[in-house]
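Trainee: The structure's right below; bear with me while I get my questions together.
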Amino acid sequence: MAFALRSPGAVRAPASAQRASGVRAAKPGLLRSAAVARPRVATNAAAISVPVNQLTDEERANLARELGYKSIGKELPDGVTLTDIIKSMPQEVFQKDHGKAWRACLTSIAACAACWYLISISPWYLLPAAWALAGTAFTGFFVIGHDCGHRSFHENNLVEDIVGHLFFAPLIYPFEPWRIKHNHHHAHTNKLVEDTAWHPVTEEDMKKWDPTSAMLYKIFLGTPLKLWASVGHWLVWHFDLKKYTPKQQTRVIISLAVVYGFMMTVFPALIYFGGPWAFVKYWLMPWLGYHFWMSTFTVVHHTAPHIPFKKAEEWNAAKAQLSGTVHCDFPGWVEFLTHDISWHVPHHVAPKIPWYNLRKATESLRQNWGEYMTECTFNWRVVKNICTECHVYDEKVNYKPFDYQKEETLFAVQRRVLPDTAAY
């Protein structure tokens, strides 16, 4: 999941940094090309050649425009801790409101019921739109369980466990395995090797691939199919007892039993009363829509050409959670149905903030730390860069594409065909 931006023009690296690195300067106003940084590269990609903290305000603003972001923040100073950031936010953003929590449950249930009705009356040519809407509503179920997993839904942990299991069951997501691995993601966000959510491929990994594996990785992580890659993550991480300690396994088994119980009752009923098409129509397609948002939210929030993955000895929690998490504005109806999960920066700064306080927490962070934050509006340029360029870990320039040695047809076609619009 690494990146080198293909662009006709971007920000020029500061002259001091160019001299220090011994790299030939690019044309004025341009990021140096990947071919200059890495002579083997045959593509016309451009790479972020210096850390963000070496760019001027004007250069960062130009870079943001080139990459499709509204703003790219400065690097957070080394002396700032995560505790400093948390303490800067008002205490009310941490307070739970059971009424709002339960109303979210009712909203998601009503939204899913309405979507299922819409699916039932839609002619075949409107079904894709109905499925997309249903998948977004399904994501609201996940966000409710997500707050339960972070202990930000209710004062009673047993209530949270019950609600979390119930709302995750229709998604076939085992609650406890997800909770364990997701908390690990929060503890090691953008840390090389350790982060369990999105992680760049390494050159060492690529050397181990046989031709079939290489083809599959490139297709599923190097094309827009990446926006459904959470299906693979779900399958690999959450059903294997060997990935959990003996102490964790009892609770994991309970979660698996809940999921299998749902599958053995609801799925046969759907097929019995409506046939296999009912299973596809009312569950499978909305479920794939949900995974689109799972993948898209996560990858957009944690993948950007200027945001590096760091080795453990270089990793800094405050930088990873504040400067290393992207705020992205999505259409209002998406944010409503998904309970503001896209207001994601404060959630990484302090995961126990309930979803309904994320907007207020974000405004507080903007006031106190806004110069260090990256923000964008969901747009094609950001998505295109992530899907076509953001693949392989590079210690110096953060990311490079799978075809960094020689441009491959799969990526060349996408670079020419996929839209490159950037609305902000």
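Trainee: Among T388, T374, T362, T409, which is the only one that is among the hydroxyl-bearing types (S, T, Y) and under 28 Å from T107 (Cβ atoms)?
Mentor: On the way: T388 fails: under 28 Å from T107 (Cβ atoms); T374 fails: under 28 Å from T107 (Cβ atoms); T409 fails: under 28 Å from T107 (Cβ atoms).
Matching residue, one of T388, T374, T362, T409: T362.
Trainee: Moving on. Spot the failing condition for I341; the list is (1) closer than 17 Å to H185 by Cβ; (2) part of a helix (DSSP H, G or I), and only one is missed.
Mentor: (2) is the only condition that I341 fails.
Trainee: Any chance you could count how many residues in the stretch 329-346 are in contact (Cβ under 8 Å) with a residue 24 or more places away in the chain, surrounded by 22 or more Cβ atoms within 10 Å (Cβ to Cβ) and not hydroxyl-bearing (S, T, Y)?
Mentor: Residues meeting the conditions: 5.
Trainee: Quick one: how many residues across the stretch 383-399 are outside any strand (DSSP E or B), of a type outside the set (K, R), more than 12 Å from H306 (Cβ to Cβ) and touching a helix residue (DSSP H, G or I) at 6+ places or on another chain (Cβ under 9 Å)?
Mentor: Going through the stretch 383-399, the residues outside any strand (DSSP E or B) turn out to be 383-391, 395-397.
Within this subset, residues satisfying the condition of being of a type outside the set (K, R) are 383, 385-391, 395, 397.
So of that shortlist, the ones also more than 12 Å from H306 (Cβ to Cβ) come out as 383, 386-389, 391, 395.
Still in the list and also touching a helix residue (DSSP H, G or I) at 6+ places or on another chain (Cβ under 9 Å): 383, 386-389, 391.
Here the count works out to 6.
Trainee: So which residues in the stretch 164-179 are surrounded by 21 or more Cβ atoms within 10 Å (Cβ to Cβ) and either part of a helix (DSSP H, G or I) or modelled with pLDDT under 95 (or both)? Give the derivation first.
Mentor: Of the stretch 164-179, the ones surrounded by 21 or more Cβ atoms within 10 Å (Cβ to Cβ) are 164-165, 167-169, 171, 173-179.
G164, H165, F167, F168, A169, L171, F175, E176, P177, W178, R179 - these are the residues of the stretch 164-179 that are surrounded by 21 or more Cβ atoms within 10 Å (Cβ to Cβ) and either part of a helix (DSSP H, G or I) or modelled with pLDDT under 95 (or both).
Trainee: Among the residues of the stretch 261-284, is any in contact with a Leu (Cβ under 7 Å, 6 or more places away or on another chain) and among the hydroxyl-bearing types (S, T, Y)?
Mentor: Among the residues of the stretch 261-284, at least one is in contact with a Leu (Cβ under 7 Å, 6 or more places away or on another chain) and among the hydroxyl-bearing types (S, T, Y), which makes the answer yes.
Trainee: Name the one entry in S152, S122 that is more than 20 Å from S295 (Cβ to Cβ), more than 24 Å from the chain's Cα centre (by Cα) and hydroxyl-bearing (S, T, Y).
Mentor: Numbers: S152 fails: more than 24 Å from the chain's Cα centre (by Cα).
The conditions single out S122.
Trainee: Out of all the residues in the stretch 83-114, which are under 23 Å from K281 (Cα atoms) and within 25 Å of the chain's Cα centre (by Cα)?
Mentor: T107, S108, I109, A111, C112
Trainee: Test N53 against the criterion of being at pLDDT below 90, surrounded by fewer than 18 Cβ atoms within 10 Å (Cβ to Cβ) and touching a strand residue (DSSP E or B) at 6+ places or on another chain (Cβ under 7 Å), and give yes or no. Steps first, answer last, please.
Mentor: Details: at pLDDT below 90: yes; surrounded by fewer than 18 Cβ atoms within 10 Å (Cβ to Cβ): yes; touching a strand residue (DSSP E or B) at 6+ places or on another chain (Cβ under 7 Å): no.
In short, no.
Trainee: Let me ask something additional. Given the structure, is E335 modelled with pLDDT of 95 or more, more than 28 Å from A114 (Cβ to Cβ) and charged (D, E, K, R)? Don't jump to the end; show me each part of the working.
Mentor: Numbers: modelled with pLDDT of 95 or more: yes; more than 28 Å from A114 (Cβ to Cβ): no; charged (D, E, K, R): yes.
So E335 does not fit the description; no.
The values are calculated or read from the model by the stated rules, or taken from the named source; none is laboratory data. Predicted model only: the values in this text are computed from it and were never measured. Don't worry about glycine lacking a Cβ; one is built from the backbone with ideal geometry, like all the others, and counts go over all protein chains shown.
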